[in-house]
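Have a look at the structure below, then the notes.
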Amino acid sequence: MKSSSCKVVTGRINYRRATFAVPLLICAGFSASGAADPVFETDVLPIVSRYCVDCHNADITRGDLNIERFETTDMALDSIAVWQRIGKRIQNGEMPPKKSDQPTQEERDLFLKWIESLKVDSADCDRLANEESMSWFPGYVMSRRLNRLEYENTLRDLLFIEIDVADQFPADGAGGEGFDNNGSSLFLSAIQIEKYLDVADQAIETALPPGITESPLIAATPGIGRSPRNAAETALSEFLARAWRRPAEQEEVARLADMFSDAYRRGDSYVESIKLAYKAALVSPHFLFLAEPEPAEPGTYALGGHPLAARLSYFLWGSMPDAELTALAGEGRLQEDDVLRAQVFRMLADPKAGALGEMFATQWLGITQLGETTRPDAERFPEFDDTLADLMRAEAALVFNRVFREDRSLIELIDADYTYANDRLAAIYGLDGIEGSDMRVVDLTDASRGGVLGMAAVLTATSHPLRTSPVLRGKWVLEQLLGDNVPPPPPDAGTLPEDDHQADGLTLRERMEAHRENPDCASCHARMDPIGFGLESFDPIGRWRTEQAGQPIDATGELPSGESFD
């Protein structure tokens, strides 16, 4: 952490929904000379008091921000992350709102220079870097239940069967973070426990049907020199190592072998007796939950081979590690950089890596509920049905997977000259010569398509049933692509008509301009609406259009920074 200067940011890191207050030490090569640096009390505070405090004080906290509480440099240094966000809004011309008093360019420059100059001396930087409070250890990773798709995929790979059981479980919540592998929202209810018992029975009976005498799932059977109990323990050891994603302890094997013995003594066959123990393994927390051992003490440490293998496989495959990954984990080689890198590329090349697009990409893009909670009006848009919704989601997943599997540029996610389509999706996009129901790569010559902003799934998910929504589309770009946070509207924000076929003669843009007269709404809408209107040439199911209600589409916009586009 040797540097001429650094800044200390006291912020909060949200790590798998386990939130810890931690100071962030960010050392950078800022100018060591502080002679010309602005001073908060004399240079910055007057600017803040004149242009910001009226809307951001203890009584009026627009944007959940109270700037009035900052009175000294030390108080400002405790919340540098807040000031960095403020600086970004001012630099982009988003604040103060256009109808408010505006600082001069000199005042803007002075304010931004102050933010860039925040620093402590190098001695403080070194001292803070060595303090225990500055440890980058984010806290214990909470155990989490497999979500329902991970559970179904794991049964498939563990038992070598195709079984559709995800729909038998309640939908997994996203816990406000947008992803259904969020540990704090993956609860376990009594109803789910009953379902796990039922599904474990279905799965084992499918993999080992009545009358079967041998199977790859049963690694050992009784014979000369091998008792039924010994054979069962051998079979269980191998099965548990796969099912629980780690080698099982001898005591764990013995506990399940006792269940085998009880069934065998009452007259059940060897296979039927071991099936009972297998079912117990499938309702064990060791199978249903992803858990990592607690470290001996706080600090950075190398993750063990088997937990690392599980992290890899459930991210890239949405399922359990395979034999090669498990073997490398057991040998302690998975932590080697070249081995780890080779495994990532091997796993991406596997068909199971389709889960990365199907599970991660669709949730990132916010299109998982397309066709369910998000659905265009059936009379206005009869083309839309469940099949088309599935195709729209598939397009997004396939493009995402191609970028990662082929190590292509991430820019293709927002600007590509190809997409995936079949005959039905091609009809939505106005593409000729596409026949058949199979999704395939399609070259694009129209620059309005290509990338997530031209995908029907995104455009439909950010529309209302009867009309487009520049607000939803602009908000989507800010949050999903730019990582910004848009606060919810105030309670008195009002609503817009649900249908854009209105008799008042006003266009949607004109209605939005009237809506923005409310100063509480103006600041957010100034950021969202121009982006959303830039997508108005796409109708509520993603088709290209040049007019709406007999009027030409106006897809122009002006960003808060003053830049305009068409």
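Count charges around Leu466 for me, please; just the other residues with Cβ under 9 Å from its Cβ, Lys/Arg as +1, Asp/Glu as -1. Spell out each step's value before the answer.
Values: positive: Arg380, Arg467; negative: Asp377, Glu498, Asp499, Asp500.
Surrounding charge for Leu466 is -2.
Rounding to the nearest 20 debye, state how big the charge dipole of segment 410-472 is about its Cα centre with +1 on each Lys and Arg Cβ and -1 on each Asp and Glu Cβ.
Charge dipole, segment 410-472, about its Cα centre: 380 debye, nearest 20.
Counting only pairs 8 or more residues apart or on different chains, how many lysine pairs in the chain have their Cα atoms under 15 Å apart?
5
Let's test the formula: R0 of 30 Å, r as the Cβ-Cβ distance of Ala190 and Asp262. What FRET efficiency results, to the nearest 0.05?
Details: r = 26 Å, r/R0 = 0.85.
Calculated transfer efficiency: 0.70.
Measuring from label point to label point, each 7 Å out along Cα→Cβ, what is the Asp157 to Ser100 span in nm?
5.1
Determine the sum of side-chain charges near Pro247: Lys and Arg each +1, Asp and Glu each -1, restricted to other residues whose C-beta is under 14 angstrom from that of Pro247.
-3
Mind sorting out which of (i) 29.0, 93; (ii) 26.2, 83; (iii) 24.2, 78 is the real Rg and Dmax of the Cα atoms in Å computed from the coordinates?
Comparing each candidate, only (i) matches the computed number.
Can you give the helix-only mean residue ellipticity at 222 nm for the chain, where every DSSP H stretch with n ≥ 4 adds -39500 (n - 2.57) and the sum goes over all residues, rounded to the nearest 500 deg cm²/dmol?
That comes out to -12000 deg cm²/dmol.
Which Cα, out of Phe187, Pro97, Ile115, lies furthest along the positive dipole direction of the chain (beta carbon charges, K/R +1, D/E -1)?
Ranked along the dipole, the leading option is Phe187.
For Arg408 and Leu110, what does the FRET efficiency come to when R0 = 45 Å and r is the distance between their Cβ atoms, rounded to the nearest 0.05?
For Arg408 and Leu110, the calculated efficiency is 0.55.
Using only the alpha-carbon atoms, how far is helix 148-159 inclined from the longest principal axis of the chain? Give it as 0 to 90 degrees, nearest 10.
Approximately 30 degrees, to the nearest ten.
Taking all protein chains as present, what is the carbon and sulfur share of the accessible area of segment 305-376, in % to the nearest whole number, probe 1.4 Å?
56
To check you understand DSSP bridge types, tell me what percent of the beta bridges within the chain (both residues inside) are antiparallel, rounded to 5. Provide the component values of the computation, followed by the final result.
Values: 27 of 28 bridges.
Antiparallel bridges make up about 95 percent of those DSSP assigns within the chain.
Roughly how big is the chain's charge dipole about its Cα centre, with Cβ charges of +1 (Lys, Arg) and -1 (Asp, Glu), in debye to the nearest 20? Before the final figure, lay out the partial values.
Numbers: 55 positive and 93 negative charges, 245 e Å.
Rounded to the nearest 20 debye, it is 1180 debye.
Would you mind counting up the charge near Ile531? Only other residues with Cβ under 13 Å from its Cβ, with Lys and Arg at +1 and Asp and Glu at -1.
The answer is -4.
With r defined as the distance between the Cβ atoms of Leu466 and Arg85 and R0 fixed at 41 Å, what FRET efficiency is calculated, to the nearest 0.05? Intermediate results must be reported in sequence, preceding the final value.
Working: r = 36 Å, r/R0 = 0.88.
In this case the efficiency is close to 0.70.
If you average the C-alpha positions of segment 399-433 and of segment 207-222 separately, how far apart do those two centres end up, in angstrom?
Taking the Cα centre of each part, segment 399-433 and segment 207-222 sit 45 Å apart.
The values are calculated or read from the model by the stated rules, or taken from the named source; none is laboratory data. Small disclaimer: the values here were computed from a predicted structure and weren't measured. Neighbour counts are summed over all protein chains in view; Cβ atoms, including those assigned to glycine, are modelled from backbone coordinates with ideal geometry. Quick note on the areas: whole protein, heavy atoms, side chains included, nothing else; ligands and nucleic acids left out. Shrake-Rupley method; radii C 1.70, N 1.55, O 1.52, S 1.80 Å.
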